[in-house]
Amino acid sequence: MQILSAEGLLMRRAVPSAVSRAALLLSVLVVSVAMAATGCSGTGSTSSDARHPAGSVLRVPQDFPSVQQAVDVAREGETVLVGPGVYRESVRVTKPRVVLRGTDRNAVVFDGGVRLANGITVTGAGSVVENLTVHGYLANGVLFTGVTDERLQRRGAGGSAYDPLDTARFPAVRGFRATRVTAYNNGLYGIYAFDARDGVIEDSYASGHADSGIYVGQCKPCNTVVRGNTVERNAVGIELTNASDDLSVLGNLVARNRVGVTVNSNDLEALAPQHGALIAGNVVADNNAADTPQQADGGFGIGIGIGGGTGNRVQRNLVQGNQAAGVVVTDPPGHPATGNRVEGNRATGNGIDLVLASADPGNCFAGNRPTTQSPDGLERRAGCGTRGRGGPTTGRTAPVQAPPGIPFSQVPAPPAQPSMPDPTAPGSPATGLPGAVDAAAYPLPKNGNTVPRSR
C-alpha cells in the first residue's frame, strides 16, 4: 500500500503497472494464441454465404445463431437486434453505420468468461452499441477505435499497449455512440474510445474495471461528449489521456471509485499534451471505495485530478467526500499543467478541497467555496481574472493510505439499469455527432446521490 501525495498523483498513465498490467496482457495473448491453435475463436466465423433476411433489421437468434454472423451480413445503415440471452463471444463491427442493439439492456448479456479479450470492438465509422450488457472480458467491454489490426487490439490497450500509436497508419474512426450500455467487471476499461472522434457516450453504467470505467484517449480533436453516465467501483471512474479539443464531460455521477476523474498528458501515447476538455455539472463524490480493483501506484481518494493537462475547464461540479483531495492540478514529468480554470464548483468535505502543485502561473481557481486549500490562500493567490503570484508549487493532498483492492472479476455485479423504452424503434447510426453541446444546461448539482440532468 502507498501513502498518496501530490507528487505521485496522476502519473498512473506514465508508468504502466509492471506486474498486474503485464500479467493481464500476457494472459490475453496466451488465451488468444490457444484459441487460434485449437480452431476455437471467440469472434465467430464470417457468413458471406448467408442469406440476408428481408428488411433492414437482422435478428439474433431468429435469423442468425450468433451476433458475429449477423454483424457480418449487415449492410451499412442496418440494425442488428439481439434478443435476450448470454452471448459468449467477442464481436467485431467493421462495417460503417451499423447499429448493434439489445432488446433488453439487462437480459442481453455478452459474457467473456474471464477468458476472451474484448467484448465488442467497433472500427466501422458511424456505428452504435446500445441497450445491452457486457462483462467478464480480460481487456475491454466496448472498444471504439481506428486501430484495425486485430493482433494489436488483443494487446488490450486500444492497440498500442502504451507505445505511441501510428496515427497515419491508423487514423481515428469517425463517428461512434454508446447508449444505455452496462459494462462491468472487465480487466481494463468498460467503454473505451481510443483513436476515435465525433462520438457520444451516454446514459451508460460502468463498474468493476481494473483501469477506468469510461476512457477517452488519443484523439485531437475529439469532438466527443460523455454525458449522463454512472461510473462507480472502478480503479478510475472517467479517464481522459491525450484527449484534446471539443471534449465535454457533462452531468455524470462519478462515485465510489478509487479516483473519480483524471485528465492526463504523457508521452507513452500519441498526441500529447492533452488540451481543452470541459468537465461540468458532474457529481464526483466519495471516491474512496475499498471494494474496487487496486491500482498499482496506489491512487486513492481523489475527486478530479489534472496531471499535465492544458487549457481545461472544471466548472459547476459537486466534488465532495474524497479523502485525499477534491480537485488537484499537478505536473507529471515533461508536461506542466497550464491554463486550467477551476471555477464555480462546490468542493466540500474532501481531505483537501483544492490543491495546486504546479509551477505554472497560468492555472486559476475561483468561486469554489472550499473549506481547505493547499497551499493556503490558493484562490487568492491564483484567482481567475487576476494575476497570480508566480504559481504556487507547494500544494499537498491529505495523506491517505490506499486499502488493498479486490480482483476486477469479484466486484459485485450492478443492479438492473434502465432499458430503452422501445427497442424496436428504427436504428440511428452515429453520424453528425455530437451535435450542438449546451454546457450551460448542466448546472451545479444539488444532490450527490443521483445522475445530474440537464435543464
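Name the pairs whose Cβ atoms lie under 6 Å apart, with the first residue in region 267-290 and within 26 Å of residue 233 (Cβ to Cβ), the second aromatic (Phe, Trp, Tyr) and buried (at least 23 other Cβ atoms within 10 Å of the Cβ), and 6 or more positions between them or separate chains?
Filtered contacts from region 267-290: 280/442; 281/442.
Residues are listed down the side, and each one gets a yes or a no for (1) over 30 Å from residue 334 (Cα atoms); (2) touching a Leu at 6+ places or on another chain (Cβ under 8 Å); (3) of a type outside the set (A, V, I, L, M, F, W, C):
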site	(1), (2), (3)
384	no, no, no
419	yes, no, yes
426	yes, no, yes
435	yes, no, yes
444	yes, yes, no
448	yes, yes, yes
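Among the residues of region 300-313, which ones are in a loop (DSSP other than H, G, I, E, B) and either crowded, with 24+ Cβ neighbours inside 10 Å or in contact with a Pro (Cβ under 8 Å, 6 or more places away or on another chain) (or both)?
Correct list: 300, 301, 309, 312.
Scan region 201-220 for residues that are surrounded by fewer than 24 Cβ atoms within 10 Å (Cβ to Cβ) and touching a residue at least 40 places away in the same chain (Cβ under 8 Å) and jot them down.
Matches in region 201-220: 203, 220.
Quick one: which residue in 362, 351 is part of a loop (DSSP other than H, G, I, E, B) and modelled with pLDDT under 95?
On inspection, the qualifying residue turns out to be 362.
Pick from 453, 380: which is more than 30 Å from residue 127 (Cβ to Cβ) and among the basic types (Lys, Arg)?
It is 380.
Would you be able to say whether some residue in region 265-277 is crowded, with 24+ Cβ neighbours inside 10 Å, outside any loop (DSSP other than H, G, I, E, B) and more than 13 Å from the chain's Cα centre (by Cα)?
Yes, there is a match, as at least one residue in region 265-277 is crowded, with 24+ Cβ neighbours inside 10 Å, outside any loop (DSSP other than H, G, I, E, B) and more than 13 Å from the chain's Cα centre (by Cα).
Of all residues in region 355-368, which are polar (S, T, N, Q) and either farther than 11 Å from residue 327 by Cα or surrounded by fewer than 22 Cβ atoms within 10 Å (Cβ to Cβ) (or both)?
358, 363
Could you list, in sequence order, all residues of region 433-448 that are surrounded by 10 or more Cβ atoms within 10 Å (Cβ to Cβ) and in a loop (DSSP other than H, G, I, E, B)?
Hits for region 433-448 are 433, 434, 437, 438, 442, 443, 444, 445, 446, 447, 448.
Considering region 278-299 alone, what residues qualify as being part of a loop (DSSP other than H, G, I, E, B) and touching a strand residue (DSSP E or B) at 6+ places or on another chain (Cβ under 7 Å)?
Scanning region 278-299 gives 281, 282, 286, 287, 299.
Within region 281-294, which residues are surrounded by fewer than 24 Cβ atoms within 10 Å (Cβ to Cβ) and touching a helix residue (DSSP H, G or I) at 6+ places or on another chain (Cβ under 9 Å)?
291, 294
Return only the number of the condition from (1) more than 23 Å from residue 213 (Cα to Cα); (2) surrounded by 14 or more Cβ atoms within 10 Å (Cβ to Cβ); (3) among the β-branched types (Val, Ile, Thr) that residue 411 does not satisfy.
Unmet for residue 411, out of (1) more than 23 Å from residue 213 (Cα to Cα); (2) surrounded by 14 or more Cβ atoms within 10 Å (Cβ to Cβ); (3) among the β-branched types (Val, Ile, Thr): (1).
Against the definition (of a type in the set (Ser, Thr, Tyr), surrounded by 16 or more Cβ atoms within 10 Å (Cβ to Cβ) and in a loop (DSSP other than H, G, I, E, B)), how does residue 371 come out, yes or no?
no
Please go through region 222-243 and pick out each residue that is surrounded by 24 or more Cβ atoms within 10 Å (Cβ to Cβ), among the polar types (S, T, N, Q) and part of a loop (DSSP other than H, G, I, E, B).
Passing the criteria: 229, 234.
Just to be sure, is residue 133 β-branched (Val, Ile, Thr), closer than 16 Å to residue 193 by Cα and surrounded by 24 or more Cβ atoms within 10 Å (Cβ to Cβ)?
no
Which condition number in (1) crowded, with 24+ Cβ neighbours inside 10 Å; (2) in contact (Cβ under 8 Å) with a residue 60 or more places away in the chain; (3) over 22 Å from residue 221 (Cα atoms) is the one that residue 350 fails?
Among (1) crowded, with 24+ Cβ neighbours inside 10 Å; (2) in contact (Cβ under 8 Å) with a residue 60 or more places away in the chain; (3) over 22 Å from residue 221 (Cα atoms), residue 350 violates only (2).
Looking at 397, 450, 424 in this structure, which one is under 22 Å from residue 105 (Cα atoms) and either under 26 Å from the mean Cα position of the chain (by Cα) or free of Cβ contacts under 8 Å to residues at least 40 places away in the same chain (or both)?
450
Search region 332-345 for residues being without any contact (Cβ under 8 Å) to a residue 60 or more places away in the chain and surrounded by fewer than 23 Cβ atoms within 10 Å (Cβ to Cβ), and hand back the single one that is nearest to residue 265 (Cα to Cα).
Within region 332-345, the match that is nearest to residue 265 (Cα to Cα) is 336.
Filter region 67-77 down to the residues that are farther than 18 Å from residue 106 by Cβ and buried (at least 19 other Cβ atoms within 10 Å of the Cβ) and list them by number.
Within region 67-77, 68, 69, 70, 71, 72, 73, 74 meet the criteria.
Quick one: which residue in 109, 80, 86 is β-branched (Val, Ile, Thr), surrounded by 21 or more Cβ atoms within 10 Å (Cβ to Cβ) and assigned to a strand (DSSP E or B)?
Going through 109, 80, 86 in turn, just one is β-branched (Val, Ile, Thr), surrounded by 21 or more Cβ atoms within 10 Å (Cβ to Cβ) and assigned to a strand (DSSP E or B): 80.
For region 391-437, how many residues meet the condition of being over 27 Å from residue 234 (Cα atoms) and touching a helix residue (DSSP H, G or I) at 6+ places or on another chain (Cβ under 8 Å)?
1
Where in region 175-221 are there strands (runs of 3 or more DSSP E), lying wholly inside it, with at least 1 residues that are of a type outside the set (S, T, N, Q) and under 16 Å from residue 257 (Cβ atoms)?
Strands (runs of 3 or more DSSP E) meeting the threshold: 189-194, 205-207, 212-219.
The values are calculated or read from the model by the stated rules, or taken from the named source; none is laboratory data. Since the model is a prediction, treat every value here as computed from it, not as a measurement. Cβ coordinates were reconstructed from backbone atoms using ideal geometry, including for glycine residues, and neighbour counts include every protein chain displayed.
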